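J.: Below is the structure I would like to discuss, written out as structure tokens.
The values are calculated or read from the model by the stated rules, or taken from the named source; none is laboratory data. It should be emphasised that the depicted structure is a prediction, and the values quoted were computed from it without experimental measurement. Ideal geometry is used to build each Cβ from the backbone, glycine not excepted, and the neighbour counts take in all protein chains shown. Side chains included, ligands, DNA and RNA excluded: accessible areas come from the protein's heavy atoms. Shrake-Rupley method; radii C 1.70, N 1.55, O 1.52, S 1.80 Å.
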Amino acid sequence: MSSFRAIHKIRRKITGAVNEEGYYDAGNYIEFPIYASVQPVNLQEYTAYEPQGGRTADLVKVYTSVELYPMREGIEADVLEWRGRLWRCIRCETWQSNVINHYKAIFREIDDDEGQAEEIST
């Protein structure tokens, strides 16, 4: 049986810490590979995750066995590099039914106009 998953790169920001001299060192990004299936969201999912209606952001869903982190207090969201574009995790759902355990994550494309894509890619 062949898998629909392929290797994709995730960037995760490591939380900063206070060093021995008492100064705060901002965390760096680490990169690691995951096996995942990346697919476009359907219309029903799009309206659930972009309820404003006027937004034109691209969304994708990612199925993987690795838990991915959306933005929450004190934690930056994971970033997916896919098809030459950067995507930020906005939600990760746990599907642990003991049949095919996996995570379903929703990613929103990072808009270059916000200047975030360059910050992450460096």
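J.: Rounded to the nearest 10 Å², what accessible area does Leu68 have for a 1.4 Å probe in the complete protein model?
T.: Solvent-accessible area, nearest 10 Å²: 0 Å².
J.: List, in order, the whole-Hz ³J(HN,Hα) value for each residue of region 34-49 obtained from phi through the Karplus relation with A = 6.51, B = -1.76, C = 1.60 and θ = phi - 60°; use x for Gly and Pro.
T.: Each residue of region 34-49 in turn: 9, 8, 7, 10, 9, 9, x, 7, 8, 4, 4, 5, 4, 5, 5, 9 Hz.
J.: Still on this model: Can you tell me which lysines have their Cα less than 20 Å from the Cα of Lys61? Leave out same-chain residues fewer than eight positions away.
T.: Result set, ordered by chain and number: Lys9, Lys104.
J.: Tell me, what ³J(HN,Hα) does each residue in region 8-20 have, in order and in whole Hz, if you take phi through Karplus 6.51 cos²θ - 1.76 cosθ + 1.60 with θ = phi - 60° and put x for Gly and Pro?
T.: Working through the residues one at a time gives 10, 9, 10, 10, 10, 7, 7, 4, x, 8, 7, 7, 4 Hz.
J.: If packing is taken as the average count of other Cβ atoms within 10 Å, what order do 31-42, 11-22 fall into, highest mean first?
T.: 31-42, 11-22
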